[in-house]
Structure formats: C-alpha cells, structure tokens
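The values are calculated or read from the model by the stated rules, or taken from the named source; none is laboratory data. Predicted model, so just to flag it, every value in this text is computed and none were measured. In this analysis, Cβ positions are derived from the backbone assuming ideal geometry, glycine residues included, and neighbour counts consider all displayed protein chains. Note: accessible area is taken over every heavy atom of the protein model, side chains too, but ligands, DNA and RNA are not part of it. Shrake-Rupley method; radii C 1.70, N 1.55, O 1.52, S 1.80 Å.
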Amino acid sequence: MLDEIVPLLPGKVSSYCEPFVGGGAVLFSIQPKNAIVNDLNKDLIGVYKTVKDNVEDLIKDLAKHENTPEYFYAIRDLDRDKNVYESLSEVERASRIIYLNKTCFNGLFRVNSSGEFNAPFGYYKNPNIVNAPVLRAVGLYLNKNNVELHSEDFSETLSRTKKGCFVYLDPPYDPVSDTANFTGYNKGGFGKTEQKRLKECCDKLNERGIKFMLSNSATEYVKELYSGYNVTTVKAKRAINSNAEKRGQIEELLIRNYGEE
C-alpha cells in the first residue's frame, strides 16, 4: 500500500511513531531521523535490535540454515520447549525468525494460542534467507538515527508521542467476514474490543493535536467507528489467501485526522 500511503503523508515528517511496525515498510520508506517504533511481538523487536547491534553476526548465523521441511520444522519447533528457546542467543533467535519468515508459507507470521510459531513450510526453491545488503542497510539506518525500539501495548507507545510527531498505525485488521478472521500475529489476538480501544487512543491523539494515519479493512464497523475522520478508500493487493484465485486487489481504508497538504 506504499503507493497509496506516501502521497497522503504530511509534507514533512521529522518525528515519527509506529505502534504496530511489523515489516516497517512505511518506516523504511520515509526513514525519519527521530522515530518511536513498537510491536507487541517481542521476537520481532528482537530482530530489529539484533540488526542494529550485531548485524554481521546475524548474517553469519543465517548462512547455516537449510531449505528442507525436516530442518524447517526442527527450527520452528524450538519454541515448544521454553528451556531450549531461552538458551538461544539473541542472534540465534533473530536468525530463526528471519529464516522462518523467508521459508514458511507465504511469509506468514502466525502463532497459536500458546505463542508458538505455527505457519507451515513454504516449499520455495530458492528463498532469499541471507539478504545481507538489506540487513546492513537497515542496521545503518537504525544506528545513524534516533530510533527507539519498544515491545509494549500500543497505548503505552502512543503516550510517548509529543506534539509535532506523526503517527502511522497499521493494526491487525477488522475481519471482513467470520471466516477471514486472522489475529495470529500475537497469542492475545486483536478483536472488536481492541479496535475500539485503538480508536479511543486516536481520539486522544487528535485532542493533543498529533496527526495520524491509520490503515484498516473497509468494513462497515471500521467506517462507522471512524466516521468523524477523513476516510479514504483505496485498492490494496493482498497475496495471502488459501485460494490463489482470490488473491488480488481489495478495498481498504486510510483514515486521517488531517486533510490534503
């Protein structure tokens, strides 16, 4: 959605906050000098911290991985035993997450109710497991700028923002149907109660004069929830669907508390 998001960003973003950073597409596109970055997934934030502090060790460790189902499931199941998982170094944990992301089905990060990674093997011929240039570029950005990395509830991250900061929110989406419900990024899920709590946080940002943009699915619930804001409907390409024929452009919403600049 970058092609839709970037033209709608405020003219100048010197201070930035992203409470649901995920893959950080917007963050790394605009590369603000000052940023507050958060994700509730501690493993993911651990990857960013490792890329910042130990990128060369991480690149070296990534080279050991094998693209076979037997190896994949052995690495995936390391988090089934708490003692085994906690014995891994920060570099090994980050290497594991990147490896699983590159080799699992559709690059889908999904955990079960116990917080254990449960996406299946992807059977790709040549996955790019060791993308050294990108890892080094990300590490360089994180080290050359003032980027705070947190793993906490989104409301705590938003409370860190000050006037003049721009906030981009990309939460788990409101499901378009009961069968489309997917909240497996973290074991706690993200239902209607969380969507409403997020909207209340957006109201507080608005009251404080802090500009924000939020992405979400084009459901009637979301449209009604944010009816008082500037809501733009956009087309987004989605690659994750069990039925390949149903992958393609779908309607999504970009919600802002500011107009064209």
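Overview of values
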| quantity | calculated |
| --- | --- |
| Whole-percent carbon and sulfur share, accessible surface of region 54-203, 1.4 Å | 49 |
| Interchain or long-range residues, amide H under 5 Å from V147's placed H | A35 |
| When region 10-134 is reduced to its Cα atoms, the Kirkwood hydrodynamic radius in Å | 15.7 |
| Correct choice for P(r) over Cα pairs in 10 Å bins from 0, in percent that was computed from the model, options [x] 7, 30, 32, 22, 8, 1; [y] 6, 23, 25, 16, 12, 8, 5, 3, 1, 0; [z] 6, 28, 36, 24, 6, 0 | [z] |
| Residues listed by number, region 140-179, amide nitrogen under 20 Å from R197 label point at 7 Å toward C-beta | 150-161, 168-175 |
| Spatially proximal aspartates and glutamates relative to K64 (Cα-Cα < 15 Å; intrachain offsets below 8 disregarded) | E56, E92 |
| Eligible lysines near K125 by straight Cα distance, threshold 16 Å, same-chain separation 8 or greater | K102 |
| Antiparallel DSSP beta bridges within the chain, percent to nearest 5 | 50 |
| Linear extension gain, E260 paired with K60, 0.36 nm per residue minus alpha-carbon span | 67.4 nm |
| Candidates D81, D174, D53: whichever shows maximal mean-square fluctuation once the chain is modelled as a Gaussian network with Cα springs under 10 Å | D81 |
| Nearest-0.05 FRET efficiency for K125 and E152, computed from C-beta distance (R0 35 Å) | 0.35 |
| Distance in nm between pseudo-label sites at A132 and Y85 (7 Å out along the Cβ direction from Cα) | 3.1 |
| Residue pairs, from the table K49/K196; K33/K60; K33/K199; K163/K204; K162/K199, whose Cα atoms sit over 22 Å apart | K49/K196; K33/K60; K33/K199 |
| Heavy-atom surface of the chain, accessible at 1.4 Å and reported per residue (Å²) | 53 |
